[in-house]
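Chemist: Below you will find the structure I want to go over with you.
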Amino acid sequence: MKNEDLATTRVEEATRHIPSIGLLGFAVGSVVASATLMALGRKQAALFVGQWAPTVLAFAVYNKIVKTFSAPYDEDQRLKHGDNASFIKSAEEVRRQESLRPLS
């Protein structure tokens, strides 16, 4: 667990595996389904299905942020992925761990 509570961490770990193109496809599909329902004269159903698209797109944006900007769990993970300083640990802790890291 990083700097979030257990529930948030579990949700982020589970949603990290959902492909972004799948969410985009679902949103586009709901727009097409809504337009089809509207053309068939089923206005209430069309409005209901049409409201899925912004919700799914908001979830897709959250999912992309979690995939892209998620904080590292520890310094070993940070060193493997981008070598960016962790905002979770103090500068002294980062220097101490880097001094203990074996030279490549």
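Chemist: Is it the case that some residue within segment 83-93 is assigned to a helix (DSSP H, G or I), modelled with pLDDT under 75 and hydroxyl-bearing (Ser, Thr, Tyr)?
Modeler: Start the filter on segment 83-93 by keeping residues that are assigned to a helix (DSSP H, G or I), which leaves 91-93.
Those left that are additionally modelled with pLDDT under 75: 91, 93.
Next cut, hydroxyl-bearing (Ser, Thr, Tyr) only: none.
For segment 83-93, residues assigned to a helix (DSSP H, G or I), modelled with pLDDT under 75 and hydroxyl-bearing (Ser, Thr, Tyr): absent.
Chemist: Only one residue in 49, 32, 56 is loosely packed, with under 14 Cβ neighbours inside 10 Å, at pLDDT 70 or above and either not β-branched (Val, Ile, Thr) or not in a loop (DSSP other than H, G, I, E, B) (or both), so which one is that?
Modeler: Details: 49 fails: loosely packed, with under 14 Cβ neighbours inside 10 Å; 56 fails: loosely packed, with under 14 Cβ neighbours inside 10 Å.
Result: 32 is the single residue among 49, 32, 56 that is loosely packed, with under 14 Cβ neighbours inside 10 Å, at pLDDT 70 or above and either not β-branched (Val, Ile, Thr) or not in a loop (DSSP other than H, G, I, E, B) (or both).
The values are calculated or read from the model by the stated rules, or taken from the named source; none is laboratory data. Everything numeric here is computed off the predicted structure, so don't read it as measured data. Neighbour counts are summed over all protein chains in view; Cβ atoms, including those assigned to glycine, are modelled from backbone coordinates with ideal geometry.
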